[in-house]
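Novice: One structure, pasted below without further comment.
The values are calculated or read from the model by the stated rules, or taken from the named source; none is laboratory data. Note that the structure is a prediction, hence the values are computed from the model and not measured. Note: ideal-geometry Cβ built from the backbone for every residue, glycine included; neighbour counts use all protein chains shown. All accessible areas refer to the heavy atoms of the entire protein, side chains included, with ligands and DNA or RNA removed. Shrake-Rupley method; radii C 1.70, N 1.55, O 1.52, S 1.80 Å.
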Amino acid sequence: PRQMSFDTPDDLRYLDTHEWVRVTDGTARIGISDFAQDELGDVVFVDVPDEGEEISAGDSFGVVESIKAVSDLYAPVSGTVTDRNDALESEPELLNEDPYGEGWLLEVSLADESELDDLLDAETYADQIA
């Protein structure tokens, strides 16, 4: 089998369902991992909640549709949506091209910082997808 090497930035925390979160000053930015976008193939549609909606850790908050499958997105943390990446409506391929940068999904105001302790660090996540 060919060895794939996926990018798993050290400053992120991960869910075993391949979402990531980066927290800056109480704001949590959420996206999907490099591994997830590769598994999905070409992303054609992304549906995420609007500003002001609540998401809860572990619950589905949206979907990503690719040419291969429709996949639920799961929240790594709980909070209120403060921003969504509207660029994905016209350019869903940003998820494939730059999953940790321009392809982010949502920002939420973090309800409970201790939820981060339940998530995987980069090393553990990298081991899981290896």
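Novice: Taking interchain pairs and intrachain pairs at least six residues apart, which have beta carbon atoms under 8 angstrom, with the first residue in region 116-129 and in contact (Cβ under 8 Å) with a residue 24 or more places away in the chain and the second in a helix (DSSP H, G or I) and buried (at least 17 other Cβ atoms within 10 Å of the Cβ)?
Specialist: Close Cβ pairs (under 8 Å, with a partner that is in a helix (DSSP H, G or I) and buried (at least 17 other Cβ atoms within 10 Å of the Cβ)) amount to I129/F35.
So that you can scan it fast, the table gives a plain yes or no per residue for (1) closer than 18 Å to D11 by Cβ; (2) modelled with pLDDT under 95; (3) of a type outside the set (A, V, I, L, M):
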{"position": "G62", "(1), (2), (3)": "no, no, yes"}
{"position": "E65", "(1), (2), (3)": "no, no, yes"}
{"position": "D98", "(1), (2), (3)": "yes, no, yes"}
{"position": "G101", "(1), (2), (3)": "yes, no, yes"}
{"position": "L110", "(1), (2), (3)": "yes, no, no"}
{"position": "A122", "(1), (2), (3)": "yes, no, no"}
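Novice: Output the qualifying pairs, or none if there are none: Cβ atoms under 7 angstrom, residues six or more apart or on different chains, first residue in region 37-48 and in a helix (DSSP H, G or I), second residue open to solvent by less than 20 Å² (accessible area, probe 1.4 Å).
Specialist: Q37/V43; Q37/L95; Q37/P99; L40/V64; L40/S66
Novice: Being modelled with pLDDT of 95 or more, touching a Phe, Trp or Tyr at 6+ places or on another chain (Cβ under 8 Å) and either surrounded by 22 or more Cβ atoms within 10 Å (Cβ to Cβ) or farther than 21 Å from Q128 by Cβ (or both) is the requirement here; does P92 meet it?
Specialist: On the way: modelled with pLDDT of 95 or more: yes; touching a Phe, Trp or Tyr at 6+ places or on another chain (Cβ under 8 Å): yes; either surrounded by 22 or more Cβ atoms within 10 Å (Cβ to Cβ) or farther than 21 Å from Q128 by Cβ (or both): yes.
So P92 fits the description; yes.
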